[in-house]
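Heads up: the structure comes next, in structure tokens.
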Amino acid sequence: MSKFTETEYVSRKGILKFPDHYVAMPVMVDDKSVTPDEHGKKIVKAGTIVGGKTGSVFSSLDVPVMDKVVVNGDVVTAEGAEGVLMYDVDVTYGPKDGAMIVHGFIKIDALPYDDPAKVVEAVQNDAAQAFSMIKFVK
């Protein structure tokens with residue numbers, strides 16, 4: 001028996017400052033550790049800083065990605081971050097395909113974090129090499 005769901009989408013959230021200048025690679029977005037919203041949906045938001053769950057995505061495309069930003073009080077870290085999720089990905093019913101930006105210009109205000117400036121600083125400190133081709137701009 002199949003399960004049918006109806007979802008209404010208005011438009012995609014644009015995280016790119018210059019939409020015609022970017023490079024993205026396909027990734028599998030992990031559904032573990034994603035908290036359901038008030039409607040029971042598990043959505044990983046566009047602009048989420050992601051990296052391989054068990055290793056680098058660049059060494060194996062089979063490695064699922066997950067949010068790599070950890071906020072502990074005033075301390076924000078981004079260990080293992082490798083890119084930025086391009087679109088919202090619904091992982092309510094399990095892991096799903098997504099696109100991870102590895103080169104481009106990302107709008108800081110489009111990041112889905114309470115303090116995006118601290119997240120950008122953490123990424124630049126903890127994952128500078130992986131983000132050498134990603135520029136965060138206002």
**Request:** Check each of the trypsin sites (Lys or Arg not before Pro) in region 19-122 and keep only those in coil by DSSP with at most 12 other C-beta atoms within 10 angstrom; list them in order.
**Result:** 32
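List the longest stretch of the chain that has no exposed loop site; here a site is one of the chymotrypsin sites (Phe, Trp or Tyr not before Pro) assigned by DSSP to anything other than H, G, I, E or B, with at most 12 other Cβ within 10 Å.
Within the chain, the longest run free of exposed chymotrypsin sites (Phe, Trp or Tyr not before Pro) spans 10-92.
Say R0 is 30 Å: what FRET efficiency, to the nearest 0.05, do residue 133 and residue 74 get from their beta-carbon distance?
On the way: r = 29 Å, r/R0 = 0.96.
So, using R0 = 30 Å, E works out to roughly 0.55.
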**Message:** At 1.306 mPa s and 10 °C, plugging the Kirkwood radius over alpha-carbon pairs of the chain into Stokes-Einstein gives what diffusion coefficient in µm²/s?
**Reply:** 104 µm²/s
**Prompt:** What are the GluC sites (Glu not before Pro) within region 44-138 that DSSP puts in a loop, where the Cβ has at most 14 other Cβ atoms within 10 Å?
**Reply:** 79
**Request:** Evaluate the distance, in nm, between pseudo-label points positioned 7 Å from the Cα of residue 37 and of residue 121 along their respective Cα→Cβ axes.
**Result:** 2.9 nm
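The numbers here are math on the coordinates, done by the rules we state, and not lab data. Keep in mind the model is a prediction, meaning the values are calculated, not measured. FYI the Cβ positions are ideal-geometry reconstructions off the backbone, even for glycines, and counts take in every protein chain you see.
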